[in-house]
Structure formats: structure tokens, C-alpha cells
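Student: First the structure, then my questions, so here it is.
Quick note: the coordinates plus some simple rules give every number you see, no bench work behind them. Everything numeric in this text was worked out from a predicted model, so none of it was measured. Here the Cβ positions follow ideal geometry from the backbone for every residue, glycine too, while neighbour counts run over all protein chains shown.
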Amino acid sequence: MEQRVSLITLGVADIAASAAFYEALGWQRSESPDGVIAFDMIGQTLGLYTKAALATELGIEQAAIGGFSGITLAHNVRRKDDVAKVLASVETTRGTILKPAQDVFWGGHHGYFADPDGHVWEVAYNPFSPLREEDGAFRWNGYGTA
């Protein structure tokens with residue numbers, strides 16, 4: 001796993017209100033699908049998603065998640081098969097696989113794991129957001145063709 005955080009996703013109660021807050025700070029949205037709001041930063045992206053939808057994505061009930069903060073960190077990889085490789089390396093550590101590598105409705109491939117303290121990471125391959133070749137930097141709509 002390369003030492004990179006590609007995407008920070010905040011699970012929020014009111015996605016429109018949260019987007020308005022960041023826009024009031026002068027941040028500009030990136031084009032994104034319905035239900036997701038993205039703000040590109042330097043080398044990574046901040047995503048807004050409803051907390052309920054994020055819990056559903058993880059396959060956990062929001063009421064049962066206790067310490068789940070509604071925040072996930074994403075590590076994007078260069079190739080689809082890299083998702084399974086990263087998750088396999090997590091299995092050899094004290095991490096817990098929450099969702100195995102699988103195709104996603106939007107055309108990507110991903111899985112989730114929790115670190116020993118319960119912080120949730122997504123490992124994702126997004127063919128629509130290829131990483132910058134020289135350093136692996138992430139931008140919501142990519143740096144070129146994969």
C-alpha cells in the first residue's frame with residue numbers, strides 16, 4: 001500500500017447544508033454524480049456523502065455503529081487487481097476486512113477495512129479518476145487516462 005490518502009469522505013446529516021458551508025469558505029465543487037459532493041484539494045479530494053448512505057455502503061446499520069464517526073479515508077490504487085492485493089495485506093495485520101474487493105455500481109472496484117482502532121479505509125480503483133503517474137496524486141476527475 002503506497003503512503004497516500006486520496007479521498008477523505010465525511011458522512012454528513014444534511015449534504016446541501018454541508019456543501020454550502022464549504023462553498024461559503026470559497027471552495028469550488030468538482031463535477032460529481034448525484035448524492036456525492038466533491039471538492040478537489042492539493043493532491044486529494046474531500047467528499048461529502050450522507051452518513052446514512054455511507055453506513056449503507058459499508059453494510060452496517062447506522063444505529064449499531066456506535067463509535068463510527070462517519071468519516072472514511074480512501075486509498076486509491078492504479079489497477080483494479082491492486083484492491084484485492086492491498087486488502088490481502090491488511091488481513092496479515094491487525095486490520096479487519098469490512099467489505100471484500102468487489103465491483104461498484106458506478107464502474108469502479110473497491111473494498112473496505114478498519115484499522116486496529118476502528119478507523120475505516122476504502123481501497124478503490126476508479127477508472128474515471130486515474131492517479132497522476134509520477135507521484136500517485138489523486139484528483140476527483142483524474143489526471144489523464146489510466
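Student: Full-extension gain between N141 and S32, please, as 0.36 nm times their residue separation minus the C-alpha to C-alpha distance.
Tutor: This chain segment gains 38.4 nm when fully extended.
Student: Of the listed values [x] -0.33; [y] -0.50; [z] -0.38, grab the one calculated as log10 I(q)/I(0) by the Debye sum over Cα atoms at q = 0.10 Å⁻¹ from the structure here.
Tutor: After the calculation, the listed value that fits is [x].
Student: How high is the relative contact order of the chain, given as a whole-number percent (alpha carbon pairs under 8 Å, six or more residues apart)?
Tutor: Here the relative contact order equals 24 percent.
Student: For segment 27-45 and segment 79-146, compute the distance between their C-alpha centroids and round to whole Å.
Tutor: What the calculation gives is 18 Å, centre to centre.
Student: Along Cα→Cβ, 7 Å out, is where each label goes; now give me the distance between the ones at M1 and R78 in nm to one decimal.
Tutor: Simple spin-label model gives 1.9 nm for this pair.
Student: Tell me the mean residue ellipticity at 222 nm calculated for the chain from its helices only (DSSP H runs of n ≥ 4, each -39500 (n - 2.57), averaged over every residue, nearest 500).
Tutor: -6000 deg cm²/dmol
Student: Considering amide H positions built from the backbone, and no H for Pro or chain starts, which residues 5 or more places from V12, or on another chain, come under 5 Å of its amide H?
Tutor: Y49, T50, K51
Student: Which helices, counted as full DSSP H runs in the chain, have an axial Cα extent of no less than 15 Å and a Kyte-Doolittle average of -0.5 or above?
Tutor: For the chain, where a helix must reach 15 Å along its axis and average at least -0.5, the hits are 80-91.
Student: Let me ask another. Given contacts defined as C-alpha pairs under 8 Å and at least six residues apart, what's the relative contact order of segment 1-62, whole-number percent?
Tutor: In percent, rounded to a whole number, it is 39.
Student: Additional query: Quick one: which of 19-29, 70-80, 104-114, 89-99 comes out on top by average Cβ neighbours within 10 Å, and what's the full order, highest first?
Tutor: 70-80, 104-114, 89-99, 19-29
Student: With labels modelled as points extended 7 Å from the Cα through the Cβ direction, what inter-label distance (nm, one decimal) is found for A53 paired with T92?
Tutor: 3.7 nm
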